[in-house]
Amino acid sequence: MFYLREFHKARNVSGVFSGLINITLFFLFVIASIRPVSAELQRESPLSNFVVYLPIVFKPDLTPIPFNKYAPATNTMGLSLNPILSWTKSPNSTRYEYCLDTSNDGVCSDWISTGTNNYAGLWGLQHGTTYYWQVRAWNGTIGPTYANGSLSQFWSFKTIQERLVVFEGFLRPTCGICQRASIAIDQLASAFSTEPVVFIEYDVDGSSNGREDRWWNAYRYGGGEGSVFLPLAMIDSGNQISNGEVDFENVYSDMVNGSLLRPPKVDISASWRRSTDEIETTIDITNFSAINLSYDNQATIFMIVYENNRVGLTDHYVRSVVREEITNLAPGANANFILTTNELVVDDWNKIDVIVLADYISDSIPYYNKFDTLQAVIAIKITQ
């Protein structure tokens, strides 16, 4: 209770109120006493009290209180295609709105209400795309208050890339079984043409700069001994292998379909350009896995240059492989590489493509290692 005293001689009386809560109804009343001015009047009119109700006017701050975005943290990589955005609550707010954009321009026009929920579930996002997001709070028509202090404080995240499946076949042109396998490989390349799948051919008698070694590691890791029959086939750096005469179309197709279900463990962006008869590829890799990539697990970046031409038995013939070890790439870390081929001899430069692939040892037994692909991408051609 707030009291005003001795105001029978005052013309204006006021008091200071504290602890009032915004948007709360208060009643103010004053108990006043009237005292007679003389003893005679006091005998005739004793002390009397009465209550006067006075209006109270105050102006609470109705603007939503500052708040912050919570998750996903800005610059998050490898996010699913249906993530959940969340933020802290803002007192005084009656609704929130979020905005999602693929342009990093600090503005947004399409705001979506979440009501009083301080989260929003997203869907329909695209693979390997960077999104920018911001949230604002309203109290009715009062506001808005933007998360993290201002409209321009957008956070970003990048969705997980599609996994590029690389089918690697090691063939010999004079091998009859290889010739039969090549027919199935070209048919599968056509069947999977709308999927993120690439079929490439190595000359088994040439140099693959370590790619064929991945096949042999997988073979021996799985208990294989002695010689094998051609062709050798491999997906995901030896996660799946095949050799000899099999039901090529069904076996190879099953290998591809199994790999398509596996998510990547790193994010790779790459571009290449021709310099005279050499190819230079610039690579950016971010490790969003829980694996420390280093010499210890023989983590490696490969640049595979192939020609979409019938040079060998199929229409996708490998011309060059360049590699570089990843010395230390901790979870969440980023690294850049530039790989360059020697001079190349090709039939048609307009039919050249470049694959960038990262792999590592996923498991080991005494004397043998099993490798697995972290991710692969088709590098973007930079024309001069």
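The values are calculated or read from the model by the stated rules, or taken from the named source; none is laboratory data. In this text the structure is predicted, and so the values were computed from the model without any measurement. Quick reminder, even Gly has a Cβ in these numbers, built from the backbone with ideal geometry, and neighbours come from all protein chains shown.
Condition test on A335, is it in a strand (DSSP E or B), crowded, with 19+ Cβ neighbours inside 10 Å and either in contact (Cβ under 8 Å) with a residue 24 or more places away in the chain or in the same structural domain as W215 (by TED's automatic domain parsing) (or both)?
Values: in a strand (DSSP E or B): yes; crowded, with 19+ Cβ neighbours inside 10 Å: no; either in contact (Cβ under 8 Å) with a residue 24 or more places away in the chain or in the same structural domain as W215 (by TED's automatic domain parsing) (or both): yes.
No; evaluated as a whole, the condition is false for this residue.
From the list F229, F199, which one is touching a helix residue (DSSP H, G or I) at 6+ places or on another chain (Cβ under 8 Å) and surrounded by fewer than 18 Cβ atoms within 10 Å (Cβ to Cβ)? Please lay out each step first, then the result.
Working: F199 fails: surrounded by fewer than 18 Cβ atoms within 10 Å (Cβ to Cβ).
Criteria check complete, one pass: F229.
Within the bounds of region 142-161, is there any residue that is over 30 Å from W87 (Cα atoms) and either surrounded by fewer than 15 Cβ atoms within 10 Å (Cβ to Cβ) or basic (K, R) (or both)? Before the answer, list the steps.
First pass over region 142-161, keeping only residues over 30 Å from W87 (Cα atoms): none.
So far as region 142-161 goes, no, none of its residues is over 30 Å from W87 (Cα atoms) and either surrounded by fewer than 15 Cβ atoms within 10 Å (Cβ to Cβ) or basic (K, R) (or both).
Could you list, in sequence order, all residues of region 350-372 that are loosely packed, with under 15 Cβ neighbours inside 10 Å and in contact with a helix residue (DSSP H, G or I) (Cβ under 9 Å, 6 or more places away or on another chain)?
D363, S364, I365, Y367
Listed residues A299, A379; which is surrounded by 19 or more Cβ atoms within 10 Å (Cβ to Cβ) and more than 22 Å from I241 (Cα to Cα)? If you could, list the steps in order and put the result at the bottom.
Numbers: A299 fails: more than 22 Å from I241 (Cα to Cα).
Every option except A379 fails the conditions.
Rundown of residues vs (1) out of contact with any helix residue (DSSP H, G or I) (no Cβ under 8 Å at 6 or more places or on another chain); (2) closer than 20 Å to A270 by Cα, yes/no style:
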{"site": "Q298", "(1), (2)": "yes, no"}
{"site": "I301", "(1), (2)": "yes, yes"}
{"site": "I304", "(1), (2)": "no, yes"}
{"site": "R310", "(1), (2)": "yes, no"}
{"site": "L313", "(1), (2)": "no, no"}
{"site": "E324", "(1), (2)": "yes, yes"}
{"site": "L329", "(1), (2)": "yes, yes"}
{"site": "L339", "(1), (2)": "yes, yes"}
{"site": "V345", "(1), (2)": "yes, no"}
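Residues are listed down the side, and each one gets a yes or a no for (1) over 32 Å from the mean Cα position of the chain (by Cα); (2) touching a residue at least 60 places away in the same chain (Cβ under 8 Å); (3) not assigned by TED's automatic domain parsing to the domain that holds T314:
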{"site": "G149", "(1), (2), (3)": "no, yes, yes"}
{"site": "G176", "(1), (2), (3)": "yes, no, no"}
{"site": "Q179", "(1), (2), (3)": "yes, yes, no"}
{"site": "A184", "(1), (2), (3)": "yes, yes, no"}
{"site": "L188", "(1), (2), (3)": "no, yes, no"}
{"site": "F192", "(1), (2), (3)": "no, yes, no"}
{"site": "V197", "(1), (2), (3)": "no, yes, no"}
{"site": "Y202", "(1), (2), (3)": "yes, yes, no"}
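So which residues in region 297-329 are part of a loop (DSSP other than H, G, I, E, B), over 22 Å from R180 (Cβ atoms) and either of a type in the set (G, A, S) or not assigned by TED's automatic domain parsing to the domain that holds V345 (or both), if there are any at all?
Within region 297-329, A299 is the sole residue that qualifies.
Quick test for you: out of G223, G210, pick the one residue that is at positive phi and either in contact (Cβ under 8 Å) with a residue 24 or more places away in the chain or among the β-branched types (V, I, T) (or both).
Values: G223 fails: either in contact (Cβ under 8 Å) with a residue 24 or more places away in the chain or among the β-branched types (V, I, T) (or both).
Answer to the selection: G210.
Somewhere in region 219-237, is a residue under 20 Å from I361 (Cβ atoms) and acidic (D, E)?
There is at least one residue in region 219-237 that is under 20 Å from I361 (Cβ atoms) and acidic (D, E).
Spot the failing condition for S259; the list is (1) touching a Lys or Arg at 6+ places or on another chain (Cβ under 8 Å); (2) in a strand (DSSP E or B); (3) buried (at least 17 other Cβ atoms within 10 Å of the Cβ), and only one is missed.
(2)
Give me the pairs, please: first residue somewhere in region 98-109 and small (G, A, S), second residue anywhere and not in a strand (DSSP E or B), beta-carbon distance under 6 Å, and either six or more positions apart or on two chains.
G106/S152
Do any strands (runs of 3 or more DSSP E) lying entirely in region 150-236 carry at least 2 residues that are closer than 18 Å to D247 by Cβ, and which ones are they?
165-171, 232-235
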